[in-house]
């Protein structure tokens, strides 16, 4: 059990398999939060991961705020709060590079 | 020469099962042929336990890749004819998850050369305990694979809900009452629960195959702008939103932790396995098999997530 968040210890999520040591793990968490912040901002969601407590902090403009454990929970929560899943194949993510290619 | 045809839907556990059998020495001395619908082979990396292994990539052996398969089998027969001792006695063909084993068996039985050399002794079909009911409801191919089986092996039964599993087994028994059914967990045979009391699923009589857009494989190269973090954020979102259309994702990604084998089946991603360090041209190339999207959108979207656009 983590004394900061109260979550029982769980095996890592598959998305966290790419880091070999603590420093890389932390760097990966910061990068993950940056990507999520950029992707979820247009949906009215804010993402923060300060690296101090486990989990990813998500909030919306209605004052809801929560900490989720992993990316699977991020996408489930985003769907719950916005009413539809965040689809990476949505034109908002696929048309911006169309002009370059 | 006897031939075992191993079929089953995308991600049903064909390679896992075969890998375990090879490890246990079940198909000792057999020639193993792996057919993959995508141009980037991944499964051969997992089946190094076999001494004779050929990969037919870039075409499903029941349709576009049929000529290649027949040519390979004829070559194997030719070579066997010139051997005087320790002649090859068995061929194992692992079909792609998009293959209907029926036309493959038919092609071998009707080929004027192969018919004298090869007897297709068994058609084994892997059935995914977690996804098979959905596949049977929506995919005509999933049903065809079950119908042709001599023996069905239901995989992942340790992860399945007992009621759903019993319902699946009863349904399989209705679709193909003659076939034997076994349960497996990671390639090891395990006993199945009793399903006599379970009500089988009433599947719609005719599935409109033409109404479904075709399932196609795409190759996605991860360039230097895409690291593991951006890739995994992107893929986890993709599986959450499109898990019913993205049937299968597989490939090897280089990360600081090593070469990670990524495998997903619909919405479920396996814990990535770390593969032994070796140079491979296919690293950082991911195969995505699914329907209902434009191939080029995958790369564009990934680029956006990686912050490169």
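Each value in this text was obtained by applying a stated rule to the coordinates, not by laboratory testing. Everything numeric in this text was worked out from a predicted model, so none of it was measured. When we count neighbours, we look across all protein chains shown, and the Cβ atoms used for this are built from the backbone with ideal geometry, even at glycine.
Here each label is just a point 7 Å from Cα along the line to Cβ, and for residue B:212 and residue B:244 those points are 1.3 nm apart. Using R0 = 25 Å, the C-beta based FRET efficiency linking residue B:71 and residue B:224 works out to 0.05. Exposure proxy for B:60, B:151, B:77: other Cβ atoms within 10 Å of each Cβ, ordered fewest to most, give B:151, B:77, B:60. Summarising the label geometry, the points placed 7 Å from Cα in the beta-carbon direction at residue B:87 and residue B:28 lie 2.0 nm from one another.
Once you have the Cα-Cα distance between residue A:64 and residue A:20, take 0.36 nm times their residue separation minus that, and quote the gain in nm to one decimal.
On the way: separation 44, 0.36 × 44 = 15.84 nm, distance 3.41 nm.
Result: 12.4 nm gained on full extension.
For the protein assembly as shown, DSSP calls about 55 percent of its internal beta bridges antiparallel.
Can you give the convex hull volume per residue for the Cα atoms of region B:129-243, as a whole number of Å³?
With only Cα atoms used, region B:129-243 gives 156 Å³ per residue.
Quote the FRET efficiency, to the nearest 0.05, computed for residue A:41 versus residue B:64 with a Förster distance R0 of 41 Å and r equal to the Cβ-Cβ distance.
0.40
From the largest down, chain B spans 59, 52, 37 angstrom on the principal axes of its Cα atoms. By other beta-carbon atoms within 10 Å, ranking A:30, A:62 with the fewest at the front produces A:62, A:30.
Given their separation in residues at 0.36 nm each and the Cα-Cα distance between them, residue B:52 and residue B:180 gain 43.2 nm when the chain is fully extended. Cβ crowding within 10 Å ranks B:164, B:223, B:128 as B:223, B:164, B:128, fewest other Cβ atoms first. The modelled label-to-label distance between residue A:57 and residue B:122, using points 7 Å beyond Cα along the C-beta direction, is 5.8 nm.
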